[in-house]
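The values are calculated or read from the model by the stated rules, or taken from the named source; none is laboratory data. Just so you know, these numbers come straight off a predicted model, no measurement behind them. Glycine also receives a Cβ, built like all others from the backbone with ideal geometry; neighbour counts cover every protein chain displayed.
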Amino acid sequence: MAKSLRAGQMARYAAPLFLALSGELGTPDNLGHAAAPPTGIDDPVIASAWQALRTLQCERCHGQGYEGLSAPSIVEFARTQGHASFVRTVLDGNGPRGMPAYRGNPLVDANIEGIYRYFAARANGSIAPNDRPAGRGTQAQG
Ligand code: HEC
């Protein structure tokens, strides 16, 4: 009797806690706020950016899942940097240290917003390293 009472209380508190946590991670459909922008891999802006990153082969230097190789992890960078700093870094690069400047690259210019959003979502966990947009990337590349 006492046991099931405790279990019932747990359930009462666990559900709102879970909702609050998933809302913080930007999961779509949080608490019924339909206006919140989707952050998942199938958001069209993010899916397009995902494809662009593959085509541009950022992985060559930044490693599988962009988590670091000869160049540092882009996911970690997104965890600590704001939007403006992130965008500036990708567009301006750092020639002397080996990061190309991507300003003027049509694929990057068209997708810079999605590229930032992709890495922000990777950094907060709403997109996992191996997530891929539905219907994309079914063939091996690079
Ligand atoms: C030719 C290798 C190379 C490629 C390709 C490359 N990068 Fe980099 N990138 C680097 C290096 C090296 C650095 C570190 C520069 C430094 O030390 O300041 C870097 C740094 C960065 C940083 C800052 C990370 C930090 O911790 O300072 C971001 C963000 C980034 N790259 C994004 C990208 C994106 C997005 C692409 C693909 C569009 C890309 N890079 C492609 C070599 C590369």
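Just for the range 98-122: of the residues that are within 11 Å of the ligand (Cβ to nearest atom), aliphatic (A, V, I, L, M) and in a helix (DSSP H, G or I), which one is surrounded by the fewest Cβ atoms within 10 Å (Cβ to Cβ)?
107
Surrounded by fewer than 16 Cβ atoms within 10 Å (Cβ to Cβ) and not assigned by TED's automatic domain parsing to the domain that holds residue 65, is that true of residue 129?
yes
Sort out which residues of the range 55-97 are of a type in the set (Phe, Trp, Tyr) and within 7 Å of the ligand (Cβ to nearest atom), and write them in order of number.
Of everything in the range 55-97, those that are of a type in the set (Phe, Trp, Tyr) and within 7 Å of the ligand (Cβ to nearest atom) turn out to be 77, 86.
Any residue in the range 75-101 that's touching a residue at least 60 places away in the same chain (Cβ under 8 Å) and not assigned by TED's automatic domain parsing to the domain that holds residue 117: show its pairings with residues that are surrounded by 13 or more Cβ atoms within 10 Å (Cβ to Cβ) and among the acidic types (Asp, Glu) at Cβ separation under 7 Å, as long as the two are six or more apart or on different chains.
none
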